[in-house]
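What follows is one structure encoded as structure tokens, with my remarks underneath.
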């Protein structure tokens, strides 16, 4: 708690000091939840500045009004304006001038120059006509803004998390939306000024439906020092507020099976079990309401909507066919797959229930002192099936115990205060809040609590008939006649070759019987505070200085375990067919804890004692501090230079129970701090030049460095005492299989029997904490943006941006001793001097274990420089056309040509989807690196996005809205992967990344048609239909990259011809003359576009 | 208006120039992509412990061959150096200092039982240097798998003591300097490893048909490499003498002493033991190790059942007659099992009473040494392996009483 107080006090001191600076300009706005406007008021007749003109901004979105006086140059600045449509009123020379239709957007600074006609009659109110420019003149940010008009009228999905991909350079990846070549785990999500990003993995945590949101600003680059901790985008969400009138809506959406086209099947070879998931229904019914509690002083806004999704996963069991009775499975000449016929099917219903809520109070003590309290969240209860690493549903398992009960979601509290002083020239902003994300998975039935056994080889599904037939299925049709079963059930008796497990009626690979497997219960909290002070100063132009500090105190409390306390893998029995002698080996994995009373020898030379635990708990914490100062220097009215520098620090703490204990695996005392990244200095500089001098165009450039905030998965896994033991049973001391553990599926008390087997080889993993290289640098991106935007005709702008991003420094865990021990470092950096320091420590210690430890670490550090330098280069040219968003029309079109190349895709592997930020397997061993350079899994050269709508006013008959969303994008490059001897499947890049093939260009057209009936001046009832994927394009999204499941080292720089000669290496590292066997699914379609889906909806707004 | 439009156009052109981008980097783990294929290392299988070592600590890790470099290309950072192995250990193929030659430059020993040569290149070769043969199932039908072979392309000449050695092998495009084993490489293995005598001097020479995919041949100066076949030697016994050699090593009466060599020993005659009993078996006697060269002294254990230290010290006990000592091969096949001789004092080695059910007298202390000059020749020829003299090898052990039941 002391750290919290210290941060608040420090922030207060900074604020106080900066507030004391005198100034003569109004302050800049809080750029997280509001926008601003500036301009010059001039006399239309004389061209002179309208000195002392009074400029008043009013809007339904604004409590009260904002009033400023134009200075001696006629300039005015109004800040802290909530997003919405404004009217500017100018009082000058006893004449009132009014200009409406001024659109204020979050984080944008609008230039509106006002020309007042002083020749008009006194007392008259004159409307200033003409279009208001819409080009943001205040920053170099690139990205997009999604308004409520957009989400109401353009066919979109239901939440901001599903809509933000509309920005140029955005695309979906496995865990969310990727921006500018970075993985989605590198984004930062800010809602109501509060960082709501998941503390554990950097992914989206808080999500809200569009109806609760006023505006979403997606900043994909070019931002100044006030923003940080993101290598991807900053997604800034502002929820709706109340107003002086009661407004709200009741809404509902419905998707049913009848509105959804059938998904085309994805054929797979080698498994008799397939599945198809169809959405039965998706519906929500919600309401949101805002209004005054005290007019002009206190507003409220509340919203609630439950969203229910009911799916059915149909599990198909089919057998191979041998109609010509030649003992070989028939092949379909059209598809190249074996012909199969249905044996049984079974429906497994799943459901996902999310309860979105929001509540907000907005108060204004006066024009200069405003506050806000907000609460929002998205708790979710799911009944779902486990997933494979590639995100597909895993149905190759016991269907009776598959379902998981998952409670997950997030909720947040935030408070915000804004005060202006010195006639509005100084502004103080403070945001504080609390975010909690959680994800607790448990088996839905008692049977799922058993230890799972995975049979990691191909065998007949009939071996699991007891499981399969215990439900509603009947898989007797999978019984091979030569398998000792009922011949009458097998119409293809010759289709059985004991030397070829694929010549079975119903082969299954990796079947998992009983037990849910790995489960985690986690809670991820963050307490954060942001303090900022803004001061305008006049010196060689206009300056807007802004300084701030923010502090985040995060935690990740994890409880991980295996159902039944263990996970078993049966690698392969000597007799792989049923009925053959069983002398298989099992690998058991269990979590351990160091326990003086334990019975398992572990630690250094086995000197410590461990005991098995069912759940490994690690409560970890993290402290991130940042401070920044930036200046928006308006050198000329049409030339602004933005410069700033941001300082960040991140300290990741060791799990509390480990702190100040002695690590049994090293003999070292474990410190409180796991890693500490100091002095992360992130400079930013940019310019904006308006050649029109009217706010209608800008040329801009920006260069900046952006540091990553390491997600806390590292704290849990590297500094959480993760200790596990792998026992190989069923082998002798030489590693040869024996018959000492001859159990198989169906054996009574299988798990207990296997766990009682005499262990052969035992491998301990983890324990204590992971060593961190001294002088560890933060992971950062450098970005250069050059761009231009021009309002070619009123309300229509065209623009072009060039974006160049690099990733010079990466943090990853590594091993230079073949995986025997790991440490965290910056790959390819030179640690020779740090190694020399370790050598000195080794010389000076008398403890032989420590001496050996230091020497080992020194050797490891010296080898870091030999790693391939990390690289992730993103180059993009964006062409953008935008129309001013209004309630009656909108157009936003972008084309992006981009290339994303390198050997480090980001915080997760785009190939294996391993999400362990900064401790993925990507740099673990030097021999994992070859062939990793190339177009990444996020490389899509061409991307076209068009969104728009138009409202046809039918007058008394109502309004008709037609909206469209078009997406077209290049496919992703496909890889050619094999297994690595230690790391397993898909970790060996047999050919250079993305070298052989790219999935085809895909398109999707979504439409929205709505009819609205105006029931009164403020009340409208709308009914609408959205059709997603109108053309029902179900084209290929990706192909199976697994060339072989055998162990093979990369063919460095090779091609398809070389691959034909690639050889198998055994798990033990012995190369053979045998050419690797091609996976029959390699290069075959792996994922399709979602089929046509219709959505009906209504919206009653008032 | 024109001014700023022109400016925007110029900016766009500038951006376009940036987009042209740079070429791909040359990474440390990359192979070379142009120039002739250089030989970065030549490695010889030199693991004398392969898969036959009864030491369990070593065996679990060894289903592979360790290799020593007989050549490392100087000043070439593409040559393999420290490489992580699959079992968490590392092996240094070439010195980290690029100025240094291979530790066993030109003389790396191929292990006699099953040696091979690996020639590592810095770029991919034309894969047509290798043929792919289908693998047949037990019915003689292709099972869909292929193996690589150099039988027909013969990309090298292999000689030992100036005699051509027939070989096969394969081309492996996999690997780089960081992988185990390193690659890409030509893997050369004699068809009959015993064609070359132990201690032979061998040469592997690359032919013209080895070239890159763009046709560049291996430079003439990089085509010929020398190595040796390791001389045959005695490795160890099981059980091995301990430091005290006080006879505390215990054997049952049914366990022989194994003597391990680095090359196959020669087989003598075969005999049948325990004839007419359920334990009947056939053993192959050693052709060369004369029991007379085995000094075996025995005496009763102490009344406590422990070994008699006087026997271990050589001051007591009776010499076991050579006629009672039997030396035979472990197993009957001339494979790696022929690297092991077994020795016991179980009685008539050749007569009708030969048996394997009681190899030692019970409750007896034995002292084993070898006579000076005792040696065992290799089946493949070459200098014989000298057995250690009494000053270097002395094994004292005692046997347990016979089971009471």
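Since every read-out is calculated from the coordinates, none of them should be taken as a lab result. What you see is a predicted model; the values in this text were computed from it and never measured. Note that we place each Cβ from the backbone using ideal geometry, even for glycine, and neighbour counts take in every protein chain shown.
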Query raised in the report: residue A:960 to residue A:662: extension gain in nm, 0.36 nm per residue of separation minus the Cα-Cα distance?
Result: 100.1 nm
Query raised in the report: Each label point is 7 Å from the Cα along the Cα-to-Cβ direction; what then is the distance between the points at residue A:740 and residue A:87, in nm?
Result: 8.9
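Taking 0.36 nm per residue of sequence separation and subtracting the Cα-Cα distance, how much length would be gained by fully extending the chain between residue A:641 and residue A:119, in nm to one decimal? All intermediate terms of the calculation are to be shown ahead of the outcome.
Working: separation 522, 0.36 × 522 = 187.92 nm, distance 3.72 nm.
Extra length from residue A:641 to residue A:119 when fully extended: 184.2 nm.
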Query raised in the report: For region B:103-197, rounded, prolate or oblate, judged on the Cα gyration tensor with a ≥ b ≥ c (square roots of eigenvalues), a/c < 1.5 rounded, else prolate if a/b > b/c?
Result: oblate
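Stretched out fully, how many nm does the piece from residue A:474 to residue A:726 gain, at 0.36 nm a residue minus the Cα gap?
Details: separation 252, 0.36 × 252 = 90.72 nm, distance 3.61 nm.
Answer, rounded to one decimal: 87.1 nm.
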Query raised in the report: When A:217, A:648 are ordered from fewest to most other Cβ atoms inside 10 Å of their Cβ, what list results?
Result: A:648, A:217
Query - Degrees separating the helix B:2-19 axis from the principal Cα axis of chain B, which is the longest one - result: 20
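Could you work out Rg/(2.2 N^0.38 Å) for region A:581-687, with Rg from alpha carbons only?
Values: Rg = 25.1 Å, N = 107, 2.2 N^0.38 = 13.0 Å.
For region A:581-687, the normalised Cα radius of gyration comes out at 1.94.
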Query raised in the report: Cα atoms only, region A:837-990: Rg and Dmax in Å?
Result: 26.0, 93
Report summary line: So the angle from the long Cα axis of helix A:832-844 to the longest Cα principal axis of chain A, reported in degrees to the nearest 10, equals 60
Requested in this report: Using R₀ = 25 Å, calculate the FRET efficiency as 1/(1 + (r/R₀)^6) where r is the Cβ-Cβ separation of residue B:246 and residue B:400; round to 0.05.
Outcome: 0.95
Requested in this report: Send over the per residue convex hull volume for region A:335-381, Cα only, as a whole number of Å³.
Outcome: 137
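Quick one: divide the alpha-carbon radius of gyration of region A:34-94 by 2.2 N^0.38 Å and tell me what you get.
Normalised by 2.2 N^0.38 Å, the Cα Rg of region A:34-94 equals 1.13.
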**Report entry** Counting all C-alpha pairs of chain B, share separated by more than 27 Å (%)
**Finding:** 62
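Regarding region A:640-702, what is the average projected area of its C-alpha convex hull, in nm²? Don't skip to the answer; put the middle values down first.
On the way: hull surface 27.5 nm².
In nm², the orientation-averaged hull projection of region A:640-702 is 6.9.
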Report task. With an 8 Å cut-off on Cα pairs and a minimum separation of 6 or more residues, tell me the relative contact order of region A:67-192 in percent. Result -> 15
Query raised in the report: Counting only other chains, what is the mean number of Cβ atoms within 10 angstrom of the Cβ of each residue in peptide A:923-929?
Result: 5
Report summary line: Partner shielding of B:145-153, taken as the mean number of other chain Cβ atoms within 10 Å, equals 3
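For region A:749-900, state the average projected area of the convex hull of the C-alpha atoms over all orientations, rounded to one decimal in nm².
Details: hull surface 74.8 nm².
Convex hull of Cα atoms, orientation-averaged projection: 18.7 nm².
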Query - Relative counts (whole %) of C-alpha pair distances in region A:300-366, using bins that are 10 Å wide - result: 16, 21, 16, 14, 11, 10, 7, 4, 1
Report summary line: The alpha-carbon pair-distance distribution computed for the protein assembly as shown, with 20 angstrom bins and whole-percent values, is 8, 30, 33, 18, 8, 3, 0, 0
Query raised in the report: In whole Å, what three semi-axes, largest first, describe the equivalent ellipsoid of region B:224-348 built from its Cα gyration tensor (square root of 5 times each eigenvalue)?
Result: 29, 22, 13
**Report entry** Residue-averaged beta-carbon neighbours from other chains (10 angstrom radius) around A:786-796
**Finding:** 2
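Expressed as a rounded percentage, what relative contact order does chain A have, with Cα pairs under 8 Å and six or more residues apart?
Once normalised by length, the contact order is 10 percent.
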Query raised in the report: Rg and Dmax of region A:749-802, using alpha carbons, in Å: what are they?
Result: 30.1, 81
Report summary line: Rounded to whole Å, √(5λ) for the Cα gyration tensor eigenvalues of region A:180-252, largest first, gives 27, 14, 10
**Report entry** R0 of 35 Å, Cβ-Cβ distance residue A:51-residue A:244: FRET efficiency to nearest 0.05
**Finding:** 0.60
Query raised in the report: Rounded to whole Å and sorted largest first, what semi-axes of the equivalent ellipsoid does the C-alpha gyration tensor of region A:151-292 yield via the square root of 5 times each eigenvalue?
Result: 31, 25, 12
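For residue A:254 and residue A:98, what does the FRET efficiency come to when R0 = 30 Å and r is the distance between their Cβ atoms, rounded to the nearest 0.05? Could the numbers behind the result be given before it?
Numbers: r = 44 Å, r/R0 = 1.46.
Plugging the Cβ-Cβ distance into 1/(1 + (r/R0)^6) gives 0.10.
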Report task. Would you work out if region A:945-1088 is rounded, prolate or oblate? Take a ≥ b ≥ c from the square roots of the eigenvalues of the alpha-carbon gyration tensor; rounded if a/c is under 1.5, else prolate when a/b is larger than b/c, oblate otherwise. Result -> prolate
Query raised in the report: Against the longest alpha carbon principal axis of chain A, how many degrees, from 0 to 90 and to the nearest 10, is the axis of helix A:2-19 turned?
Result: 30
Report summary line: Checked region A:373-491 against the a/c 1.5 cut and the a/b vs b/c comparison, axes a ≥ b ≥ c from its Cα gyration tensor; verdict prolate
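In which sequence would A:712, B:226 go, from the one with the fewest C-beta neighbours within 10 Å to the one with the most? Provide the component values of the computation, followed by the final result.
Working: A:712 29, B:226 17.
The fewest-first ordering by Cβ neighbours comes to B:226, A:712.
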Report summary line: Ranked on Cβ counts within 10 Å of their own Cβ, fewest leading, A:874, B:167, A:895 go A:895, B:167, A:874
Query - Pairwise label distance in nanometres, residue B:26 with residue A:832, each label 7 Å out on the Cα-Cβ vector - result: 2.1
**Report entry** Pair-distance profile P(r), taking every C-alpha pair of region A:1020-1102, with 10 angstrom steps and integer %
**Finding:** 15, 26, 18, 13, 12, 9, 6, 1
